[in-house]
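Comments concern the structure below.
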Amino acid sequence: MTKPDPKARTNYDNTDWKKYQQGRPPYPQSFTKLVYDYHRRHPSAGWERLVDIGAGSGIAATDFMADFKIIHNSDPSPWNEQQARAFLSTYAEDHGLTPELEFSQSTGEEAYKHVGEAAADLVIVATAAHFMDPDGLAECAAKILRPGGTLAVYSYWIPSFPDRSQRFNDIFSKTFDNLVLKALEVGNEANRAKFLDVVKRRMTGEGCLDSLPLPTKHFEETKRIYINAGRGKVPYKDLYQRLVDPGKTVGGVSRVSENDEIIRYKTDEDIQAEGWAFDAGKEWFPIFFNSMRAATSQMTQEEAREAYQEWEEIFDEECPNGTVRVYWPFYAALARKK
């Protein structure tokens, strides 16, 4: 649950991160291995300093904490820095790790001003790039990285259910629209404009990161990874199309280049996609929906009962054993600093 803070310039300045994580997927070891395999291929790749841009509570950096000497947590929000300081220190102690922890408050486009230039071996941006100007983020990461260093930008998206009927998926989409999208649309014109910028970045191309450039003047060996993703357009894009004026498209121009290697994996078929599917009971779905709803969006018991009624009916009908297989679409962009 979130509360906008105009000073922090983020929608996640006051997040209850424990509740947030209950409704979102953990980053599996299969993805950490993908990043490490890529990073190790360069002979000059170092393991001294990792910078996490748009870090939130710092959870994404924990997957790499055992291997880097310094972890730098960068986020615009004072609240998030406070949460990250407590969380990362406790995590390190609980796991017998001793990295040096650094913290700074900055937008993603200006993180280099606090981190330093040519100062990191790995830069990660985990499910946060859509809140940043794509060109500004790419330029910032290029400044922070040392030659041979790795940029890893990644994001999951709204889950799908390929093992269930089209009606099941349609009702899930309708419920998501009613509970999440319509609530996020509420606000003044300035907030709505910012929201539409985020939507545009997410809806570009066929993956949530296709709006991000990986310019050849800065990067080489660029890769785009698509896991559990359909071809052609971002899943659920049609839901967002109504947010823009008739005749306009909700997405922007794809920045995927002919130089980018395209790689596709699917959970249950490719080991590189392990961890991006799980079995969920009906009780998990309100937790997921609430992790995406604005803090100001409140419902009475009667409103909640009505909002979930159709979804619960189709769930009971098609999932008599009480669980359904949930597949997360996941996207990653990897690049090597020249």
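The values are calculated or read from the model by the stated rules, or taken from the named source; none is laboratory data. Quick caveat: nothing in here was measured; it's all calculated off a predicted structure. Heads up, the Cβs are rebuilt from the backbone with ideal geometry, glycines too, and the neighbour counts pull from every protein chain shown. Accessible surface is based on the protein model in full, side chains and every heavy atom, while ligands, DNA and RNA are left aside. Shrake-Rupley method; radii C 1.70, N 1.55, O 1.52, S 1.80 Å.
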* Asked: Which of the following residues is within 21 Å of the chain's Cα centre (by Cα) and within 18 Å of Lys217 (Cα to Cα): Glu110, Glu81, Glu139, Glu117?
  -> Glu139
* Asked: Any chance segment 8-18 includes a residue that's at pLDDT below 95, assigned to a strand (DSSP E or B), open to solvent by 10 Å² or more (accessible area, probe 1.4 Å) and of a type outside the set (Lys, Arg)?
  -> yes
* Determine whether Lys33 is at pLDDT below 95, charged (D, E, K, R) and either open to solvent by 10 Å² or more (accessible area, probe 1.4 Å) or assigned to a strand (DSSP E or B) (or both). => no
* Could you list, in sequence order, the residues of segment 61-92 that are surrounded by fewer than 24 Cβ atoms within 10 Å (Cβ to Cβ) and within 19 Å of Tyr27 (Cβ to Cβ)? -> Thr62, Asp63, Phe64, Met65, Ala66, Asp67, Phe68, Gln83, Phe87, Thr90, Tyr91, Ala92
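Quick grid of which residues meet (1) part of a loop (DSSP other than H, G, I, E, B); (2) on the phi > 0 side of the Ramachandran plot; (3) open to solvent by 20 Å² or more (accessible area, probe 1.4 Å):
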site: Glu117; (1), (2), (3): yes, no, yes
site: Ala141; (1), (2), (3): no, no, no
site: Ile171; (1), (2), (3): no, no, no
site: Leu179; (1), (2), (3): no, no, no
site: Ala193; (1), (2), (3): no, no, yes
site: Val198; (1), (2), (3): no, no, yes
* Would you please list the contacts, defined by Cβ atoms under 6 Å and residues six or more apart or on different chains, that run from a residue in segment 27-45 that is free of Cβ contacts under 8 Å to residues at least 60 places away in the same chain and over 20 Å from Asn228 (Cα atoms) to a residue that is among the aliphatic types (A, V, I, L, M) and surrounded by 15 or more Cβ atoms within 10 Å (Cβ to Cβ)? => none
